[in-house]
Amino acid sequence: MSIDHPSAADLASAHTDVAGTTAAGTDAPPPGCPAHARGVRLSGLEYQQTPAEMYRGLRREHGAVAPVLLDGDVPAWLVLGYPEVGYVTSHDELFARDSRRWNQWANIPADWPLLPYVGYQPSVLFTEGAEHQRRAGVISEALEAVDQFELGHECRRLADELIDGFEGSGQAELMSAYAHALPMRAAVQMCGMPAGGADTEDLVHDLRVSLDAAEGDDPVAAYVRVQERIQQLVKDKRAVPGPDVTSRMLHHPAGLADEEIVQDLISIIAAAQQPTANWICNTLRLLLTDDRFALNVSGGRLSVGEALTEILWRDTPTQNFIGRWAVRDTQLGGRHIRAGDCLVLGLAAANSDPQIWPQGHVGAEGNSAHLSFSNGEHRCPYPAPQLADVMARTAIETLLERLPDVMLSVPVASLTWRPSIWMRGLTALPVSFTPVAR
């Protein structure tokens, strides 16, 4: 069964639809802030299991840019269209990253659950212009020095170690026992932290809470603990450097301050851990439940690459991202965006935009024009996507090789997604297989 994918012409055509509606002073009527009275809340359980339905509904009612309400009914704009997300991320002069521009700060309480996403930090995530190029350059050079062959070898070792722990039982819950554990260990080792220690496990737990808090979690307190642990890592590496990302950042000619490196390391580890874990698990779900892949992967690993790419289109780990802030009054998708308004990048919605999938068959088959790693100056820095691919591909291929008859041990309809509008990942992936005697 073949899945259609957008051609270069489709993508180019989609982008041209934004022209003429993005500059201030166009003829499009400005709905303005009153539109947010009809905004859809992005919190709660209503859409968390089937966000694609929400995106379709928002697109039908509001078009490519929809008024939404964040936690506490704070207004924002959700950018749903593929060309519109591409435009926003390509025009930093109109839609910038420094969240101190936000016109809603007077309404944000100190314990607001989304504060770890949007509260300004001296991080590469919030820098702009020449300063962003300087900071992103340090990260890229530190990551470029990671030998991808050695990373793959280390991920294989970690995968084997994890599988050794459950292969004799004939069953496992792969989300916690495998998909989360492997990229976590690989990421912290790249940065020079010892793998497997209690402090490292606490760090990963707090990263998860700060990025994807469940009911009862305290994301602000978790983020503070993350900072404290990374501060200690930087202090240790300043005293005793090693062949790792942290040491390379500390000794880069750009001369970043320790606090800048702390913030940038948090961004690196967070991006490498949870999104990669969800990428692994979402792909395993596809491989174990979709007949198009099951025929190819049984006893082998022929379609792992296609499955990894398809997931970036269909169930991308980062569904939505906060965001951008309007530098001045402007127009986007027929909406009047006021200076200081917050725009949430709807990466998952953009990837399924019917303008680029007119037949409705969202797929991949060799096409990597998705927006899952964002776009423009602030996209995931090179070579971070390649390193994540090494981790995910090695994890999946090793599992299928070691446990060739692995299968889902519950009905696919019983699988549930974590209650988050931001990240896309399963709560659990229980599987069974023939026990391996040792």
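The values are calculated or read from the model by the stated rules, or taken from the named source; none is laboratory data. Not measured: the values here are computed from a predicted model. Every residue, glycine as well, gets a Cβ built from its backbone with ideal geometry; the counts of neighbours run over all protein chains shown. Please note that ligands, DNA and RNA were not included when accessible areas were found on the heavy atoms of the full protein model with its side chains. Shrake-Rupley method; radii C 1.70, N 1.55, O 1.52, S 1.80 Å.
Computed quantities for the displayed model
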item: Percent of alpha-carbon pairs separated by more than 18 Å within region 314-438; result: 70
item: Order of exposure, largest accessible area first, which applies to Tyr178, Tyr382, Tyr223 with probe 1.4 Å; result: Tyr382, Tyr223, Tyr178
item: Scaled radius of gyration (Cα, divided by 2.2 N^0.38 Å) that region 366-438 gives; result: 1.47
item: Extension gain (nm, one decimal) between Gln104 and Gln231, 0.36 nm per residue minus Cα-Cα; result: 42.7 nm
item: Rel. contact order, % - alpha carbon contacts under 8 angstrom, at least six apart, the chain; result: 29
item: Mean separation of Cα contacts under 8 Å (6+ apart) over length of region 133-290, as relative contact order %; result: 30
item: Where Val188, Val220 fall by accessible area, highest first, once all protein chains stay in place (1.4 Å); result: Val220, Val188
item: Ranked by how many other beta carbons lie within 10 Å on average, peptides 112-122, 402-412 from highest; result: 112-122, 402-412
item: Derived scalar couplings ³J(HN,Hα) [region 236-242; Karplus, 6.51 cos²θ - 1.76 cosθ + 1.60; whole Hz; x for Gly, Pro]; result: 5, 6, 5, 7, 9, x, x
item: Rg/Rh for the chain, where both radii come from Cα atoms and Rh is the Kirkwood radius; result: 0.96
item: Accessible area per residue in Å² at 1.4 Å probe, computed on the chain; result: 41
item: Descending semi-axes in whole angstrom, ellipsoid equivalent of region 90-149, from the Cα gyration tensor; result: 29, 16, 9
item: Fully extended contour minus Cα-Cα distance, from Ser90 to Asp199, at 0.36 nm per residue; result: 35.3 nm
item: Formal net charge of residues neighbouring Phe433 (Cβ-Cβ distance under 15 Å; K, R +1; D, E -1); result: -3
item: Region 47-187: relative contact order as a whole-number percent, Cα under 8 Å and 6+ apart; result: 13
item: Of all accessible heavy-atom area on region 354-438, the percent that carbon and sulfur account for (1.4 Å); result: 56
